[in-house]
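Asker: Quick one: the structure is below, questions incoming.
The values are calculated or read from the model by the stated rules, or taken from the named source; none is laboratory data. Bear in mind the structure is a predicted one, so any value in this text is a computation, not a measurement. When we count neighbours, we look across all protein chains shown, and the Cβ atoms used for this are built from the backbone with ideal geometry, even at glycine.
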């Protein structure tokens with residue numbers, strides 16, 4: 001789930017130039033929270049497990065030229081590492 005860019009204290013503090021240059025053009029906190037609240041109210045049968053949601057709709061997970069795609073090998077490695085941390089004794 002991606003909230004979109006919202007005018008929040010966190011964005012203002014961590015990305016001050018970005019925040020200042022787009023002041024008044026970013027989403028409000030409420031607009032940013034809309035999809036996550038909408039998702040919590042949907043029957044699970046209406047949602048796709050593992051899908052990426054944006055503006056109350058399923059969206060592409062990877063953007064062209066954004067370097068966001070991963071191989072199954074990398075994904076399996078991360079899952080294995082997380083499993084090892086969660087269950088260190090087997």
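Asker: When you scan segment 28-42, do you find a residue that is modelled with pLDDT under 95, in contact with a helix residue (DSSP H, G or I) (Cβ under 9 Å, 6 or more places away or on another chain), surrounded by 11 or more Cβ atoms within 10 Å (Cβ to Cβ) and assigned to a loop (DSSP other than H, G, I, E, B), even just one?
Answerer: No, every residue in segment 28-42 fails to be modelled with pLDDT under 95, in contact with a helix residue (DSSP H, G or I) (Cβ under 9 Å, 6 or more places away or on another chain), surrounded by 11 or more Cβ atoms within 10 Å (Cβ to Cβ) and assigned to a loop (DSSP other than H, G, I, E, B).
Asker: Counting only residues that are in contact with a strand residue (DSSP E or B) (Cβ under 9 Å, 6 or more places away or on another chain) and surrounded by fewer than 11 Cβ atoms within 10 Å (Cβ to Cβ), which one in segment 43-61 is farthest from residue 4 (Cα to Cα)? Even if it seems obvious, please write down each step before you answer.
Answerer: At the first step, the residues of segment 43-61 found to be in contact with a strand residue (DSSP E or B) (Cβ under 9 Å, 6 or more places away or on another chain) are 47-48, 51-53, 58-61.
Then keep just the ones that are surrounded by fewer than 11 Cβ atoms within 10 Å (Cβ to Cβ); that gives 48, 60.
Working: 48: 20, 60: 14 Å.
Among them, the one singled out is 48.
Asker: I'd like the full set of residues that are at pLDDT 80 or above and assigned to a loop (DSSP other than H, G, I, E, B), limited to segment 72-90. Please lay out each step first, then the result.
Answerer: Of the residues in segment 72-90, the ones at pLDDT 80 or above are 72-89.
87, 88, 89, listed by residue number.
Asker: OK, next. Out of all the residues in segment 47-66, which are without any contact (Cβ under 8 Å) to a residue 24 or more places away in the chain and either on the phi > 0 side of the Ramachandran plot or over 19 Å from the mean Cα position of the chain (by Cα) (or both)?
Answerer: Here is the first cut: in segment 47-66, the ones without any contact (Cβ under 8 Å) to a residue 24 or more places away in the chain are 47-51, 56-58, 60-66.
The answer is 50, 56, 65.
Asker: Taking residue 69, is it at negative phi, assigned to a helix (DSSP H, G or I) and loosely packed, with under 11 Cβ neighbours inside 10 Å? It would help to see each step written out before you state the result.
Answerer: On the way: at negative phi: yes; assigned to a helix (DSSP H, G or I): no; loosely packed, with under 11 Cβ neighbours inside 10 Å: yes.
For residue 69, the condition - at negative phi, assigned to a helix (DSSP H, G or I) and loosely packed, with under 11 Cβ neighbours inside 10 Å - is not met.
Asker: Let me ask something else about it. For segment 1-17, how many residues meet the condition of being within 27 Å of residue 62 (Cβ to Cβ), in a helix (DSSP H, G or I) and at pLDDT below 95?
Answerer: Looking only at that region, the number is 2.
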